[in-house]
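Trainee: First the structure, which I've put down as structure tokens, then a few questions once you've had a look.
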Amino acid sequence: MTSRGARDAACAVALALALCAPACAPQVTRLTGRDAAQVWQATAEASQPPPAEAATAWDAARLARRALDRDPAIRALRAETRAVEAGVDAARRREDLELRLSRFRLDDVRDGTTGLEVALRAHPLRPREIPARAASARLEAEVARAELRQAELALVAEVRRLHADLVLADEEARIAREEQALRAEEQSLAAARLAQGAGTALDVALTELSRAELVADAELPEEARDAAARALRAHLGLAPGAPLELAGPPGGTQFEAAPPADPEALVDEALQSHPALARAASRLDGADIALWRARAERIPWFSFVQAEYDVGPASDALSFGFALGIDIPLWRWAGADLRVARAERTRRRYAWEAEVSRVATGVAAAWGAVRSATERLRRVESVLLPAAQAADEQARLARAQGALDPMRALQIQTARLRARRLHVAARRELAHALVALDEALGRLP
């Protein structure tokens, strides 16, 4: 190739690179408050379920399915997981080749002896580097999937607890209305006795105080119910005022199913499938790969290998050449990076062992809570409710026969309502305990 040909080739390469370069600045998405308002409005419009679906009552399982599909945080985590999974294929690619044009001197142009050295350079990876990169990317994807599953477990547990609270809050509201009616009747009876001279103003004042306390106590559960309904609608992607009719057992739990007598089987189940353990184990494996890299980087290796050709007036078939570079890890022999990798692996190992202990003790604690709540509900249903029902029936019979003071009969009916309230509280405690046990086990309904 002549000097003019070498110059023309260099200019052609430079022109091609200039044409391939991006012609404009990168496009950056600048979201503003107006964009956020538009997204929120579109979300509110899309959150309205179809009429046929809105007319159907929601049980806990259906709520959980919709929450997993519509909760914004879960959708963001799923997108993040897909982005991490996409990095697995990218980790398998090799380094691109490098085309080098050098030894182009201006004084050679002046003298008419322009030359050019064309080289193709590669950066060879260490042995097993590609499988190590791919394995590291796979472990990051496993960590992302485990974190997604853990977030789904927490979301489902929260939705089930909210379902249990709202279902049982409706029962508490019915009990409160009955109790308020009894208090009003008791107040009327006390006022009638005062008018007849058979009672005192103190009796009337005490009944009014009892009724006022009952009204005040009923306001807090109503506020808690409204807060739970708002939180549940947010998880479901429903508008704040969307209708929400609930059905099914509280939290989707079956109170009749007794927990296993031995928690060891439950602990084994959690240790096999809990996402927190999968995440900790993947991070430990990632620390093993980092330790392998720290050891491998202490060994000298090629930084590049190059094949080149000298283009110029005197070029011939023997103008080819080769070059290579070797990285000498002089300062890495001190072992600082290796000590850091070993310490990180030890930390990950202890973190995994701590997670094993946390999961196992969490299952045992949740199992104990289920046993205690089951026993409490059994006592309420087998002792308290029958006794309250029997006393109420006897009071009604005695009152019908005129053998019981009406005020005393109202007090017995109030005691029966308190027993029903305790029954609702025991059911709520058991529902929460069963939901917590499923969460500790890593179960998704």
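The values are calculated or read from the model by the stated rules, or taken from the named source; none is laboratory data. Not measured: the values here are computed from a predicted model. Cβ atoms come from the backbone with ideal geometry, glycine included; neighbour counts cover every protein chain shown.
Trainee: Given 286, 251, which one is touching a residue at least 24 places away in the same chain (Cβ under 8 Å), in a helix (DSSP H, G or I) and closer than 30 Å to residue 170 by Cβ? Break it down stepwise before answering.
Mentor: Values: 286 fails: closer than 30 Å to residue 170 by Cβ.
The conditions single out 251.
Trainee: I'm told residue 116 meets every condition in (1) at pLDDT 90 or above; (2) surrounded by 13 or more Cβ atoms within 10 Å (Cβ to Cβ) except one. Can you identify the failing condition by its number?
Mentor: Among (1) at pLDDT 90 or above; (2) surrounded by 13 or more Cβ atoms within 10 Å (Cβ to Cβ), residue 116 violates only (1).
Trainee: Can you say whether residue 311 is within 26 Å of residue 99 (Cβ to Cβ) and in contact with a helix residue (DSSP H, G or I) (Cβ under 7 Å, 6 or more places away or on another chain), as far as the supplied structure shows? Steps first, answer last, please.
Mentor: Details: within 26 Å of residue 99 (Cβ to Cβ): yes; in contact with a helix residue (DSSP H, G or I) (Cβ under 7 Å, 6 or more places away or on another chain): yes.
So residue 311 passes the test.
Trainee: Can you go through 343, 364 and tell me which one is at pLDDT 90 or above, assigned to a helix (DSSP H, G or I) and surrounded by fewer than 13 Cβ atoms within 10 Å (Cβ to Cβ)?
Mentor: Among 343, 364, only 343 is at pLDDT 90 or above, assigned to a helix (DSSP H, G or I) and surrounded by fewer than 13 Cβ atoms within 10 Å (Cβ to Cβ).
Trainee: Taking the conditions exactly as written (among the charged types (D, E, K, R) and closer than 28 Å to residue 129 by Cα), does residue 358 satisfy them or not?
Mentor: No.
Trainee: List pairs: first residue in region 80-103 and of a type in the set (A, V, I, L, M, F, W, C) and at pLDDT 85 or above, second residue surrounded by 11 or more Cβ atoms within 10 Å (Cβ to Cβ) and outside any helix (DSSP H, G or I) anywhere in the structure, Cβ distance under 9 angstrom, at least six positions apart or on different chains.
Mentor: Pairs found: 97/120; 97/121; 97/122; 97/123; 99/118; 99/119; 99/120; 99/121.
Trainee: State whether one or more residues within region 302-311 are part of a strand (DSSP E or B), surrounded by fewer than 16 Cβ atoms within 10 Å (Cβ to Cβ) and of a type in the set (A, V, I, L, M).
Mentor: Checking region 302-311: at least one residue is part of a strand (DSSP E or B), surrounded by fewer than 16 Cβ atoms within 10 Å (Cβ to Cβ) and of a type in the set (A, V, I, L, M).
Trainee: Let me ask something else. It is to be established whether one or more residues within region 392-399 are hydrophobic (A, V, I, L, M, F, W, C) and modelled with pLDDT under 75.
Mentor: yes
Trainee: Then there is this: Return the residues of region 320-340 that are among the charged types (D, E, K, R) and assigned to a helix (DSSP H, G or I); say none if nothing qualifies.
Mentor: Within region 320-340, 332, 337, 339 meet the criteria.
Trainee: Another question about this same structure. Quick check, is residue 252 in contact with a Leu (Cβ under 9 Å, 6 or more places away or on another chain) and either at pLDDT below 85 or exposed (fewer than 13 other Cβ atoms within 10 Å of the Cβ) (or both)? Outline the logic, then answer.
Mentor: Values: in contact with a Leu (Cβ under 9 Å, 6 or more places away or on another chain): yes; either at pLDDT below 85 or exposed (fewer than 13 other Cβ atoms within 10 Å of the Cβ) (or both): yes.
Criteria met by residue 252.
Trainee: Right, another one. Which one of the conditions (1) closer than 30 Å to residue 100 by Cα; (2) among the β-branched types (Val, Ile, Thr); (3) out of contact with any strand residue (DSSP E or B) (no Cβ under 8 Å at 6 or more places or on another chain) does residue 374 fail to meet, given that it meets all the rest?
Mentor: Result: residue 374 fails condition (1) only.
Trainee: Any residue at all in region 323-338 that is among the basic types (Lys, Arg) and either over 17 Å from residue 128 (Cα atoms) or modelled with pLDDT of 90 or more (or both)?
Mentor: Checked region 323-338: at least one residue is among the basic types (Lys, Arg) and either over 17 Å from residue 128 (Cα atoms) or modelled with pLDDT of 90 or more (or both).
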